[in-house]
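Take a look at the structure below.
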């Protein structure tokens with residue numbers, strides 16, 4: 001779910017300026033579409049941040065290539081092990097050079113911006129329907145892979161979030177750890193009781209880690225969705241309303257009252273895992289070994305999801321698309337089929353501490369490896385996510401800065417939400 005600091009401006013500018021040009025000066029193979037797979041030749045270019053460029057990462061990627069070669073034995077595969085920090089630049093450069101990628105792996109929130117610029121191909125010709133994803137993958141991610149009624153991506157792995165509490169801290173504050181807060185009001189009340197301050201009024205243990213050392217965006221999205229209000233509906237902003245303002249005002253009321261703004265530890269781990277906060281938002285995995293947070297810390301943790309009318313779980317992840325300018329679309333789909341085999345998804349999940357996006361993810365090796373992964377795997381059907389607009393990659397930076405200004409009292413929350421909604425399209 002973590003994305004690079006660059007906004008979508010670089011790639012979107014390149015797309016807008018070059019969309020009319022399908023080639024440029026690059027050298028492109030002859031099309032293999034329609035040819036028998038055993039006779040197809042050429043190079044399949046794959047942009048894929050899902051495999052770390054390590055020895056293990058490359059070894060697992062080579063297994064996917066070997067499986068692909070069972071169908072397309074004569075085609076070469078040219079991987080580009082990008083990171084999410086470099087993904088925009090890689091894509092814009094490929095468009096400018098006229099050498100498009102055949103397979104592109106991006107993230108939740110990226111599909112609509114690129115599909116709207118016709119960079120991704122519709123997957124319907126390859127039999128991909130919402131029903132297929134619901135039956136074989138994670139049905140809750142269908143909207144994240146959809147633009148204008150068409151599917152442009154197939155889920156690979158899910159990067160989920162949950163909330164956690166310290167059992168000992170709850171008991172110390174006279175709260176029942178078996179009854180974690182669900183609604184916004186319950187969250188605030190519990191956070192205030194759990195906050196510990198010294199004689200000078202300095203917070204020594206945060207009541208709730210808002211995971212906002214740099215941004216309130218994902219926390220805001222999660223809490224808003226728990227009220228039954230998605231950030232976007234059919235690509236249109238859905239937060240400049242009563243529920244959106246209520247959620248933003250909640251964060252404003254807690255900042256510097258139950259947690260110092262910007263608080264983080266040296267390891268940049270969720271503070272609740274180390275006991276520096278009594279509650280907090282956590283990622284999708286926890287290492288309970290001595291090399292991680294340790295068994296004692298894990299035994300003191302209980303995981304839960306927010307439910308202020310709707311139980312939700314924030315989910316990001318990796319999704320695979322076919323490039324609309326690819327001359328090897330059939331081969332690209334075959335590669336995605338190899339990429340989405342359970343063994344491949346299990347490898348990606350382990351390498352990235354995420355969850356494989358297949359139907360029985362709760363029984364996957366990654367889910368069984370630690371209690372937090374098991375918990376978030378069971379909540380994947382409740383998935384909500386950020387993004388949804390065609391200009392989301394540009395909007396993310398706006399959300400980061402403007403929500404922070406509202407939470408810190410520098411701008412009026414209602415005006416901030418109205419301004420953000422006006423910038424969305």
Any hit, the stretch 272-280, residues being assigned to a loop (DSSP other than H, G, I, E, B), free of Cβ contacts under 8 Å to residues at least 60 places away in the same chain and surrounded by fewer than 17 Cβ atoms within 10 Å (Cβ to Cβ): no
Residue 346 assigned by TED's automatic domain parsing to the domain that holds residue 237 and buried (at least 16 other Cβ atoms within 10 Å of the Cβ): no
Test: residue in the stretch 87-101 that is under 20 Å from residue 344 (Cα atoms) and either surrounded by 14 or more Cβ atoms within 10 Å (Cβ to Cβ) or in contact with a helix residue (DSSP H, G or I) (Cβ under 6 Å, 6 or more places away or on another chain) (or both): no
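For (1) touching a strand residue (DSSP E or B) at 6+ places or on another chain (Cβ under 6 Å); (2) assigned to a helix (DSSP H, G or I); (3) within 30 Å of residue 300 (Cα to Cα); (4) not assigned by TED's automatic domain parsing to the domain that holds residue 61, each residue gets a yes or a no:
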position: 101; (1), (2), (3), (4): yes, no, no, no
position: 114; (1), (2), (3), (4): yes, yes, no, no
position: 140; (1), (2), (3), (4): yes, yes, no, no
position: 144; (1), (2), (3), (4): no, yes, no, no
position: 182; (1), (2), (3), (4): yes, no, yes, yes
Scope the stretch 374-421; condition assigned by TED's automatic domain parsing to the domain that holds residue 345 and without any contact (Cβ under 8 Å) to a residue 24 or more places away in the chain; matching residues: 374, 378
Members of the stretch 359-401 found to be in contact with a strand residue (DSSP E or B) (Cβ under 6 Å, 6 or more places away or on another chain), assigned to a loop (DSSP other than H, G, I, E, B) and either at pLDDT 95 or above or within 15 Å of residue 161 (Cα to Cα) (or both), listed by number: 364, 379, 385
Odd one out for residue 405 among (1) closer than 27 Å to residue 305 by Cβ; (2) part of a helix (DSSP H, G or I): (1)
Single match in 253, 334, 324 (criterion: surrounded by fewer than 20 Cβ atoms within 10 Å (Cβ to Cβ), in the same structural domain as residue 127 (by TED's automatic domain parsing) and either touching a residue at least 24 places away in the same chain (Cβ under 8 Å) or in contact with a helix residue (DSSP H, G or I) (Cβ under 8 Å, 6 or more places away or on another chain) (or both)): 324
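The values are calculated or read from the model by the stated rules, or taken from the named source; none is laboratory data. No experiment lies behind these values; they were computed from the predicted model shown. Note: ideal-geometry Cβ built from the backbone for every residue, glycine included; neighbour counts use all protein chains shown.
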